[in-house]
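Every number in this text was worked out from the coordinates using simple rules, so none of it is lab data. What you see is a predicted model, and the numbers here were worked out from it, not measured in a lab. Positions of Cβ are backbone-derived with ideal geometry, glycine not excepted, and every protein chain shown enters the neighbour counts.
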Amino acid sequence: MNLTLKIWRQKSAKDKGKIIDYAIGDVSPDMSFLEMLDVLNQDLIEKGEEPVAFDHDCREGICGSCSMFVNGQAHGPDSMVTVCQLHMRSFNDGDTIYIEPWRATAFPVIKDLIVDRSAFDRIQQAGGFISVNTSGNTQDANSIPIEKENADNAFDAATCIGCGACVASCKNSSAMLFVSAKVSQFALLPQGQVEATDRVMNMVKQMDDEGFGNCTNTGACEVECPKGISLENIARMNREYLSASFKG
Ligand code: SF4
Ligand code: FES
């Protein structure tokens with residue numbers, strides 16, 4: 001396939017940035033989207049030009065690094081996949097593809113397609129953990145019976161990879177889907193009860209401090225989430241927050 005790529009180039013956080021056009025040929029439908037960008041970058045390096053900066057790590061849909069808009073959609077046109085799992089067979093010969101970074105005040109652009117998602121790390125640090133004794137006395141996980149429905153829902157919430165597509169897709173840049181997944185994965189399990197009150201209060205406070213917007217129930221986050229994290233988690237987090245507020 002021969003393609004035209006329109007890629008957001010921005011030298012630094014302070015640079016204004018703009019879309020630059022690149023022509024790329026001999027793209028195999030079997031290439032992943034990131035492999036296609038690797039080929040482009042190799043070409044740019046050979047021509048003495050600056051390669052396109054983009055984040056990636058696992059390239060198998062589990063780390064959440066490869067966050068970008070492809071043709072205006074977070075993680076591209078295929079549903080339930082990250083950009084690293086998107087393949088060029090989803091495009092046609094002659095296509096023009098727009099590639100841009102996440103757009104959110106709380107995710108400032110560092111360079112080209114890379115944004116600073118450390119706000120998510122700080123939200124996690126505010127409460128996304130449990131306190132357990134790991135000094136050789138850990139309990140066997142199976143010794144605590146957990147209802148299957150709760151175990152399944154906790155597992156589903158825990159599949160959030162922190163990619164930020166929910167924030168990028170939301171007109172308010174709300175992080176509620178991400179935070180609610182991180183709250184829910186503990187709220188549904190007995191192991192998460194000890195810090196439950198502090199967790200939800202602290203994580204929501206940190207989310208607000210980082211400048212994420214509010215949730216107005218448009219549901220774009222759920223549609224674009226590559227892991228299918230459900231809006232039910234937001235409802236659960238709101239209940240947890242209300243209950244924690246009464247406890248003070
Ligand atoms: S909720 Fe979904 S879209 Fe948001 S960070 Fe987690 S995996 Fe990504
Ligand atoms: S590179 Fe890890 S999810 Fe895409």
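Summary table
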{"quantity": "Dipole of region 51-184, positive direction: furthest Cα of 124, 167, 105, with charges on the beta-carbon", "calculated": "105"}
{"quantity": "Table column - 3J(HN,Hα) (Hz), region 224-231, Karplus curve with 6.51, -1.76, 1.60, x for Gly and Pro", "calculated": "8, 5, x, 10, x, 5, 8, 4"}
{"quantity": "Charge sum, other residues only, whose C-beta stays under 13 Å from residue 202's C-beta, Lys/Arg counted +1 and Asp/Glu -1", "calculated": "-2"}
{"quantity": "The chain: angle of helix 232-247 to the longest principal axis, Cα-based, in degrees nearest 10", "calculated": "40"}
{"quantity": "Cross-link pairs 111/205; 14/171; 6/205 - those with Cα-Cα distance over 26 Å", "calculated": "111/205; 6/205"}
{"quantity": "Dipole-positive endmost among 231, 76, 39 within the chain (Cβ charges, Cα centre)", "calculated": "231"}
{"quantity": "Ascending count of other beta-carbon atoms within 10 Å, so fewest first, for 40, 188, 242", "calculated": "242, 40, 188"}
{"quantity": "Region 122-248: Cα Rg divided by the 2.2 N^0.38 Å rule of thumb", "calculated": "1.06"}
{"quantity": "Size of electric dipole in the chain: Cβ of Lys, Arg +1 and of Asp, Glu -1, about Cα centre, debye, nearest 20", "calculated": "880"}
{"quantity": "In degrees, nearest ten, helix 118-127 long axis to first principal axis of the chain (Cα)", "calculated": "10"}
{"quantity": "Angle in degrees between helix 33-46 and the longest Cα principal axis of the chain, rounded to the nearest 10", "calculated": "50"}
{"quantity": "Residue of 12, 135, 90 that the Gaussian network model of the chain assigns the largest fluctuation, springs spanning Cα pairs under 10 Å", "calculated": "135"}
{"quantity": "Rounded to 5, percent antiparallel among DSSP beta bridges of the chain", "calculated": "75"}
{"quantity": "Principal axis dimensions, largest first and in whole angstrom, of region 47-101 by Cα", "calculated": "35, 27, 18"}
{"quantity": "Charge-dipole axis of the chain as Lys and Arg at +1 and Asp and Glu at -1 on Cβ define it, positive-most pick from 61, 13, 245", "calculated": "245"}
{"quantity": "Cα-centred dipole magnitude for region 3-111, charges only on beta-carbon of K, R (+1) and D, E (-1), debye, nearest 20", "calculated": "660"}
{"quantity": "Percent breakdown of C-alpha pair distances by 10 Å bin, ordered from the shortest bin, for region 3-111", "calculated": "14, 49, 33, 4"}
{"quantity": "Rotationally averaged projected area of the chain (alpha carbon convex hull; nm²)", "calculated": "15.8"}
{"quantity": "Value at 222 nm in deg cm²/dmol, rounded to 500, when DSSP H runs of n ≥ 4 in the chain each add -39,500 (n - 2.57)", "calculated": "-10500 deg cm²/dmol"}
{"quantity": "Vicinal HN-Hα couplings computed from phi for region 158-172 (Karplus, 6.51 cos²θ - 1.76 cosθ + 1.60; Hz; Gly/Pro x)", "calculated": "6, 7, 4, 9, x, 6, x, 4, 4, 5, 5, 7, 7, 5, 9"}
{"quantity": "Ranking of 112, 156, 198, 140 by count of other Cβ atoms within 10 Å, fewest first", "calculated": "140, 198, 156, 112"}
{"quantity": "Interchain or long-range residues, amide H under 5 Å from residue 98's placed H", "calculated": "6, 71"}
